[in-house]
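The values are calculated or read from the model by the stated rules, or taken from the named source; none is laboratory data. The model shown is predicted, which means the values in this text are computed figures rather than measured ones. When we count neighbours, we look across all protein chains shown, and the Cβ atoms used for this are built from the backbone with ideal geometry, even at glycine.
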Amino acid sequence: MQAEDQSGVCAPSVFDATFLRVAPLLRNFLFYRTGDAESAADLVQEAFVRLWENCSKVLPDKARAWLFKVGENLFLQQVAKARVAGRYALEMVRTDEAQGESPEALLEEKEFAERLDAAIAALPEGSREVFLLNRIDGLKYREIADLLGISQKAVEKRMHRALVELRELHPGV
């Protein structure tokens, strides 16, 4: 058992046992969050892929908590992406319905939305997550810190990095 503890959950027997024990629980949790069995199954699969990629860093007795945290983060990313896409789609419909809009103005708005999406997607994962939760979902730094299990100061630093990167690397966005 000592050798397995040192290698994390990389040993096939430990990984398999973790999967058999945790996957149904994680699937139920994510089904509750998503309301969709297929989406929950996809998130569980992605969480276990990430566990395998980080297996040497995760101790067997911490794997369940690690998987639930990863699953929750994957769910939040999925929600944030859907909200961003939904808001842009709504804005595009409103723009299309607006009278007196020139085709050039419509094209400029569409190009801006595409540049903004690309700039946000290029942010590091932690900064992007904090940025979307704050600017799109409207959560306060304290709420984000509680949700992600990090300090409020870490949230502030991630947000600062995201804003600096967006301003410096993507001017005009």
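Observations on the structure shown:
- Residues within the range 43-78 that are farther than 16 Å from residue 8 by Cα and in contact with a Ser or Thr (Cβ under 9 Å, 6 or more places away or on another chain), tallied: 3
- Candidate set: the range 1-52, residues that are outside any helix (DSSP H, G or I) and either exposed (fewer than 12 other Cβ atoms within 10 Å of the Cβ) or not assigned by TED's automatic domain parsing to the domain that holds residue 77 (or both); chosen: the one modelled with the highest pLDDT: 35
- Pairs with Cβ under 7 Å, 6+ apart, first in the range 128-148 and farther than 14 Å from residue 82 by Cα, second not in a helix (DSSP H, G or I): 131/123; 145/151
- Flag for residue 128 being surrounded by 11 or more Cβ atoms within 10 Å (Cβ to Cβ), at pLDDT 80 or above, out of contact with any helix residue (DSSP H, G or I) (no Cβ under 8 Å at 6 or more places or on another chain) and within 16 Å of residue 164 (Cβ to Cβ): no
- Taken together, the residues in the range 133-144 that are more than 18 Å from residue 75 (Cβ to Cβ) and either surrounded by 15 or more Cβ atoms within 10 Å (Cβ to Cβ) or among the hydroxyl-bearing types (Ser, Thr, Tyr) (or both) amount to 2.
- A search for C-beta distances below 6 Å between a residue of the range 18-38 that is within 12 Å of residue 63 (Cβ to Cβ) and any residue that is assigned to a helix (DSSP H, G or I) and at pLDDT 90 or above, counting only pairs 6+ apart in sequence or on different chains, returns 18/63; 22/64; 22/67; 23/44; 26/44; 26/67; 26/71.
- Odd one out for residue 128 among (1) closer than 15 Å to residue 76 by Cα; (2) touching an Asp or Glu at 6+ places or on another chain (Cβ under 9 Å): (2)
- Residue in the range 53-61 that is under 30 Å from residue 82 (Cβ atoms) and either touching a Leu at 6+ places or on another chain (Cβ under 8 Å) or in the same structural domain as residue 149 (by TED's automatic domain parsing) (or both) present: yes
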